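Data first, discussion second: the structure below is written as structure tokens.
Computed from the coordinates by the stated procedures, all read-outs in this text should not be read as laboratory data. Not measured: the values here are computed from a predicted model. Because the Cβ atoms are built from the backbone with ideal geometry, glycine has one as well, and the counts that use them run over all protein chains shown.
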Amino acid sequence: MLVSAERFEELVQEALQDLPADLAAAMENVAVIVEDHADNRALFGLYEGVPLTKRGPMSYKGVLPDRITIYQDTISAYAHNEFELKQQVRKTVIHEIAHHFGISDARLDELGWA
């Protein structure tokens, strides 16, 4: 399902806006970006950074923001229509944000978000 880069970014923004307010407010020092695809990997999204559960006042100073990357080409290739595209974007955004909060892939799998 191909959409413009602008439309895909809108879907990512919608997924972020749909987060519960208390969860969104708890996100700290994290940037969410969209890229076409991951180099040599078929990923929907990628979290890079220090999860909130691993941060401490002595160990987390002067660092760059965490980075959540959502990969448009991979998600678009998976979806057959805009509904599926929107659902996969939402699932991917939530999955990567969960990593920001320190939730592992194993736990996400248990919860149905892997």
Lys/Arg Cβ at +1, Asp/Glu Cβ at -1, dipole of the chain taken about the Cα centre: which of 20, 62, 38 is farthest positive-ward?
62
Could you give me D for the stretch 5-111, from Stokes-Einstein at 25 °C and 0.890 mPa s, where the hydrodynamic radius is the Kirkwood radius over C-alpha pairs? Units µm² s⁻¹, please.
169
Here the stretch 95-112 yields Karplus 3J(HN,Hα) values (6.51, -1.76, 1.60; θ = phi - 60°; whole Hz; Gly and Pro given as x) of 4, 5, 5, 4, 4, 4, 8, x, 8, 7, 4, 4, 5, 4, 4, 4, 7, x
Spin-label pair residue 36/residue 16, simplified geometry with 7 Å Cα→Cβ offset, distance in nm
2.2
Quick one: pull the percentage of alpha-carbon pairs in the stretch 1-66 with a separation above 13 Å.
74
Could you work out the relative contact order of the chain, using alpha carbon pairs under 8 angstrom and six or more residues apart, expressed as a whole percent?
34
Amide H contacts under 5 Å for residue 32, placed H, 5+ residues apart
68
Counting residues in the stretch 54-98 as N, plug N into 2.2 N^0.38 Å and put the Cα Rg over that result.
1.64
Rounded to whole Hz and in sequence order, give me ³J(HN,Hα) for the stretch 12-28 from the Karplus expression 6.51 cos²θ - 1.76 cosθ + 1.60, θ = phi - 60°, writing x for Gly and Pro.
5, 4, 4, 4, 5, 5, 7, 5, x, 4, 5, 5, 4, 5, 7, 5, 9
In the chain, if the dipole is taken from +1 on Lys/Arg beta carbons and -1 on Asp/Glu beta carbons about the Cα centre, which of 2, 87, 113 is farthest to the positive end?
113
Restricting the count to DSSP beta bridges whose residues both fall in the chain, what percent are antiparallel, rounded to a multiple of 5?
40
Starting from the Cα-Cα distance between residue 107 and residue 26, subtract it from 0.36 nm times their residue separation and give me the gain in nm to one decimal.
27.2 nm
